[in-house]
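The values are calculated or read from the model by the stated rules, or taken from the named source; none is laboratory data. Owing to the predicted nature of the structure, the values given are computational and were not obtained by experimental measurement. Neighbour counts run over all protein chains shown; Cβ positions are idealised from the backbone, glycine included. Accessible surface is based on the protein model in full, side chains and every heavy atom, while ligands, DNA and RNA are left aside. Shrake-Rupley method; radii C 1.70, N 1.55, O 1.52, S 1.80 Å.
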Amino acid sequence: MKTVAKTGNEAMAYAMKQINPDVVAAYPITPATEVVQIFSNYVADGEVDTEFVAVESEHSALSACVGASIAGGRVMTSTSSQGLALMHEILYIAAGNRLPIVIALVNRSLSAPINIHCDHSDTMGSREAGWMHLYCANSQEAYDSLIIALKTAEATAVPAIVSTDAFILSHAMERLEVLEDSDVQNFIGEYRPRFSALDLENPKTYGPLDLQDYFFEHKRAQIDDFSKVLDAYDKAAKDYAELSGRYYPALEEYKTEDADVAIFAAGSTADTAKEVVDDLRDQGRKVGLVRMRMWRPLPVEQIKKALTKFKAVAVMDRSDTMADFGGPVFLETRGMLYDSEEKPLITDYVYGLGGRNIKLTDIARVYDDIEQVAKAGKIEKLITYLGVRGEE
Amino acid sequence: MSMKFDKLMTWKELPAGCLIDEPSTSLRFKTGDWRSMRPVWDSEKCIHCLFCWISCPDSAIKVENEKITGIDYNYCKGCGICASICPPKASAIEMIREEK
Amino acid sequence: MQQYFEVRWHGRGGQGAKTAALLFGEAAMETGKYIQAFPEYGPERTGAPVKAYNRLSDGPIRIHTQVTDPDVVVVLDASLLESINVTEGLKKGGAILVNTQEKAEVIKKKLGVTDAKVAVVDATKIAVEILKRNVPNTVMLGAMVKVTGALEWDSALASIEAKLSEKFRGRKEIIEGNVKAIKKAYDEVEVA
Amino acid sequence: MATLKELSKRKEGLVGGHRACAGCAASATIRQVLLAAGDKPTVAGIATGCMEVVTTIFPYTAWNVNLVHNAFENSASTVSGVEAAYKVLKRKGKIKDDIQFIAFGGDGGTYDIGLQALSGAIERRHKMLYVCYDNEAYMNTGYQRSSATPYCAHTTTSPAGTKIPGKAQWRKDLTEIVIAHDPAYAAQATPGYYMDLIRKVEKALAADGPSFINVLSPCVPGWGYPSDQTVNISKLAVETLFWPLYEWQDDSYKINMKPREPKPLVDFLKLQARFRHLFKSGNEHLVEEFQAEVNRRWEALLRKEQATSA
């Protein structure tokens, strides 16, 4: 283990190097370009054994990854925003085929208007594609998560996305600890694919057509495989904790034990909010934070257990559903708690679109609001667009 | 090999992944009943040029030891290509109406 | 709440504000600090005003917001003083360091700063003289360390030298030149 | 080159029981290509389209080799990935055999939506043979125009109406576009001339780099002719100069079939319902224009052959 200074992108590229995948097929896109660039250097300097395919689009990037994974290779790529949108079609195909491909992703808003900065609209738009998804809060976690995600993906044959916030994390250099190459290799182990199109003894047809008689059965089996991800993840995360001393639960609770109210947030903002919690705690206020790290599959029982103990919860959504009903995290959170006998009042804060800075005072204001909601026992304003001009 | 063909598999019985885990399973699916015209091959007239064999879209011309041995009616859809390209000097294949 | 030491770097695209922030961050890490170093990204190209930031602390850093109230502002190009409000948000008792030919008093007056330290160094002159190129960014690190006292000088210098060695892959004259220039800036910086 | 007798002893790559139309040339194309490739281990990929749909209906596959299907526009990039994995796994000693790779796509998946992926794969020089089974329209979805659809052809999105007589444009010359990428080998073929196609597959697979064969594959329902005429029409396309058989390698063109007396284009057109409207009175000029364009392109090809012959 050694201490280094790396940006989120450098941290993910370094984890990729230590994983040493068989094939990386990728296309550069701001702000994830560096991941591909840095990895190209590792390839050029012979530091990895990887076959690097510099494709002509993100669509081809994931298509080539699918081909390489069906061929039995350990496969990774990297992208962001429009790139993920261009991959969208193939995301479903990779998942349906049970290909444990891992994407090092940087969360960036989707056009229009074009904008290169952070929000979560890109990954939220892919939430039904059948990929495991982890939102990271800092460079250290981005590095660690890529390794844990790969292990989980290969154990379950479910592909994974690990994401950081554009620029806020992707381009911010932070201090982190990295493992030795051999520790990473021992942790992930040799890849043993479930099938390979290069297996000449047992020719198979990959990606066949289903009529009405089989499609539903195939999807049901996929959903069942997906349901095993949470346990496999937790096992991988615990094994990783033994190795690194850093444990990342699917859902993180921070100072929630006696809290009356909490913020439910993901990504770098959740990390920032811990600072606000400490500050408010110093003032004697009973506030806490629940951080959504794993978004797919949803750790439903953990979320229910965590959130039902509060009087009020503010969900922080860095994207909107365009349903005129708030952001995706808000909608799903309310859905999860519907059957709970004790449930908090839940409000939504859509914030930070297109990289709009979220200040400590903004987060403090959300705590002020939910304390008010908890005290009044009712919600005055269900959805707030935080930090946008023209809203009061 | 975990595929079943005699009945519809449940989702728990499917091979892991989204694949057909053995080759050439379509041989279990007989397309011969699509036919309304039937090619009839005359072994006496056949010169074994193999033109019909290489041109058949359904791999339905049977060959053994470089010689044609007949037509596989399990798969032949009756398109008539074989009869149409059989060299005139041989005319070893005739299309007749399929009697049901 | 944890104490943070925050820096804002002003430069023009191509002058190395980001590199300076990264080098400063890495140097700080070598002294045991937890660090962040990040640029502000826009569509700007060479010549346009750009910003970069540092955040330093003794414990793990959890906040991931822009730096709005820096302890220190570093201006890599004095011409920016005309177009940018470089003192925006500067903390009381903080410091602003400018690469200029002017005396510190003149800059202090020009900026209208009353409750923060103003320091100057002619980093461009030092860079041109020693490095034969107008690259003031690394040079300014020397002045920066002296003015702020945020880092221990010897270990900071050693770290910067190590990073430069990595970056320039053993091109001795560049590495040595930079170190010499950094030391010169350390010696020559003037505070008002 | 393998003879028919030798080929007849090989294992079929595409077996019966698939659901292609009776008389489908595309199935014959794939079958012939796989027979030609059949002396070495082969892994295939295919774009979504007619042939993928009729040959892989779960749980029935007509493929006797490993087949990878991903989506419509990415047969070339998918097989790029398979080939990349092969290279690294071979380097690591995890794969012992020499394997050859063939990507298939229809004209929709090749000329149009998959052109970018094809271009990228050739430019990156993946060692694979790409075979386009070109039936000159989107047959899988019900005969819509593609950029491979010829002049005046009726399709369901370039219908022959009272004002507009079918497709207004000539087809895109995809083979030339591929040649502009400087592949290791490129050719045009058609299954009616099976020995020519088989020879080209062998040559393409032996070439050191990416190769491409554009195979005109007549479509019974899309073109509108009796199912027993598939081979005849395939040959007529060549004999009328509508689809020249030629190949390109080492900067040289070679025309493989030069009819001593080319047949008139109408011989090809009149057998097909998609050109029926051309034979209504008042449309004679269209046939003449069509013939003139075929001649012009043939002459241009002859000049290319002459200019590049040693």
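Data overview
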| item | result |
| --- | --- |
| In the range D:89-118, residue farthest from D:Ile46 (Cα to Cα) [restricted to those that are touching a helix residue (DSSP H, G or I) at 6+ places or on another chain (Cβ under 8 Å) and facing chain A (nearest Cβ under 7 Å)] | D:Ile95 |
| Index of the failed condition, C:Gly170 passing every other in (1) open to solvent by 50 Å² or more (accessible area, probe 1.4 Å); (2) part of a helix (DSSP H, G or I); (3) among the small types (Gly, Ala, Ser) | (2) |
| Residues being within 16 Å of the chain's Cα centre (by Cα) and open to solvent by 10 Å² or more (accessible area, probe 1.4 Å) - total across the range A:233-246 | 1 |
| Subset of the range D:53-88 [open to solvent by less than 10 Å² (accessible area, probe 1.4 Å), assigned to a helix (DSSP H, G or I) and either aromatic (Phe, Trp, Tyr) or within 7 Å of chain A (Cβ to nearest Cβ) (or both)] | D:Ser77, D:Thr78, D:Val79, D:Ser80, D:Gly81, D:Val82, D:Ala84, D:Ala85, D:Val88 |
| Strands (runs of 3 or more DSSP E) within the range D:195-288 that include 2 or more residues farther than 21 Å from B:Cys82 by Cβ and open to solvent by 20 Å² or more (accessible area, probe 1.4 Å) | D:252-255 |
| Within the range D:276-297, considering residues that are of a type in the set (A, V, I, L, M, F, W, C) and in contact with a strand residue (DSSP E or B) (Cβ under 9 Å, 6 or more places away or on another chain), the one nearest to D:Ala137 (Cα to Cα) | D:Leu278 |
| Output for the range D:1-35, where each listed residue is open to solvent by 10 Å² or more (accessible area, probe 1.4 Å) and within 21 Å of A:His218 (Cβ to Cβ) | D:Arg19 |
| Helices (runs of 4 or more DSSP H) wholly inside the range A:205-289 that include at least 1 residues being touching a residue at least 24 places away in the same chain (Cβ under 8 Å) and farther than 30 Å from B:Trp11 by Cα | A:229-244, A:268-282 |
| Some residue of the range D:154-176 being within 13 Å of the chain's Cα centre (by Cα) and not in a loop (DSSP other than H, G, I, E, B) | yes |
| Enumeration of residues in the range A:132-181 that are over 22 Å from C:Ala27 (Cα atoms), assigned to a strand (DSSP E or B) and β-branched (Val, Ile, Thr) | A:Ile161, A:Val162, A:Thr164 |
| Evaluation of D:Pro150 against (1) under 17 Å from the mean Cα position of the chain (by Cα); (2) under 28 Å from A:Val75 (Cα atoms); (3) more than 7 Å from chain A (Cβ to nearest Cβ); (4) open to solvent by less than 30 Å² (accessible area, probe 1.4 Å) (one fails), failing number | (2) |
| Qualifying residue in the range D:36-49 (condition: open to solvent by less than 10 Å² (accessible area, probe 1.4 Å), more than 12 Å from chain A (Cβ to nearest Cβ) and farther than 22 Å from B:Glu22 by Cβ) | yes |
| Some residue of the range A:24-47 being open to solvent by 10 Å² or more (accessible area, probe 1.4 Å), at pLDDT 95 or above and at the interface with chain D (Cβ under 9 Å from one of its Cβ atoms) | no |
| Selection within the range D:92-103 - open to solvent by 10 Å² or more (accessible area, probe 1.4 Å) and touching a strand residue (DSSP E or B) at 6+ places or on another chain (Cβ under 8 Å) | D:Ile99, D:Gln100 |
| Residue within the range B:6-17 that is crowded, with 18+ Cβ neighbours inside 10 Å and either at positive phi or not in a loop (DSSP other than H, G, I, E, B) (or both) present | yes |
| Residue that is surrounded by fewer than 23 Cβ atoms within 10 Å (Cβ to Cβ) and either closer than 18 Å to A:Val350 by Cβ or of a type in the set (A, V, I, L, M, F, W, C) (or both), where the choices are A:Val276, A:Val261, A:Val313, A:Val300 | A:Val300 |
| Strands (runs of 3 or more DSSP E) wholly inside the range C:1-107 that include at least 3 residues being crowded, with 20+ Cβ neighbours inside 10 Å and within 14 Å of chain A (Cβ to nearest Cβ) | C:5-12, C:34-39, C:49-57 |
| Number of the exception - B:Ser26 against (1) open to solvent by less than 60 Å² (accessible area, probe 1.4 Å); (2) at the interface with chain D (Cβ under 8 Å from one of its Cβ atoms); (3) outside any helix (DSSP H, G or I) | (3) |
| Positions within the range A:180-229 being touching a strand residue (DSSP E or B) at 6+ places or on another chain (Cβ under 9 Å), more than 11 Å from chain D (Cβ to nearest Cβ) and within 18 Å of A:Gly96 (Cα to Cα), in sequence order | A:Phe226, A:Val229 |
| Test for C:Lys146: is it touching an Asp or Glu at 6+ places or on another chain (Cβ under 8 Å), in a helix (DSSP H, G or I), at pLDDT below 95 and open to solvent by 40 Å² or more (accessible area, probe 1.4 Å) | no |
| Total residues in the range B:66-84, condition over 8 Å from the mean Cα position of the chain (by Cα) and more than 8 Å from chain D (Cβ to nearest Cβ) | 5 |
| Any hit, the range D:197-219, residues being within 22 Å of D:Met257 (Cβ to Cβ), basic (Lys, Arg) and within 14 Å of chain B (Cβ to nearest Cβ) | yes |
| Subset tally (residues that are farther than 21 Å from C:Ala150 by Cβ and touching a Pro at 6+ places or on another chain (Cβ under 7 Å)) for the range C:76-130 | 5 |
| Residue among A:Val43, A:Val4, A:Val36, A:Val48 that is in contact with a Leu (Cβ under 9 Å, 6 or more places away or on another chain) and β-branched (Val, Ile, Thr) | A:Val4 |
| Checking D:Lys94 against (1) more than 17 Å from D:Ser211 (Cβ to Cβ); (2) in contact (Cβ under 8 Å) with a residue 12 or more places away in the chain, the condition it does not meet | (2) |
| Test: A:Gln82 is more than 21 Å from A:Gln18 (Cα to Cα), in contact with an Asp or Glu (Cβ under 9 Å, 6 or more places away or on another chain) and either more than 14 Å from chain D (Cβ to nearest Cβ) or among the small types (Gly, Ala, Ser) (or both) | yes |
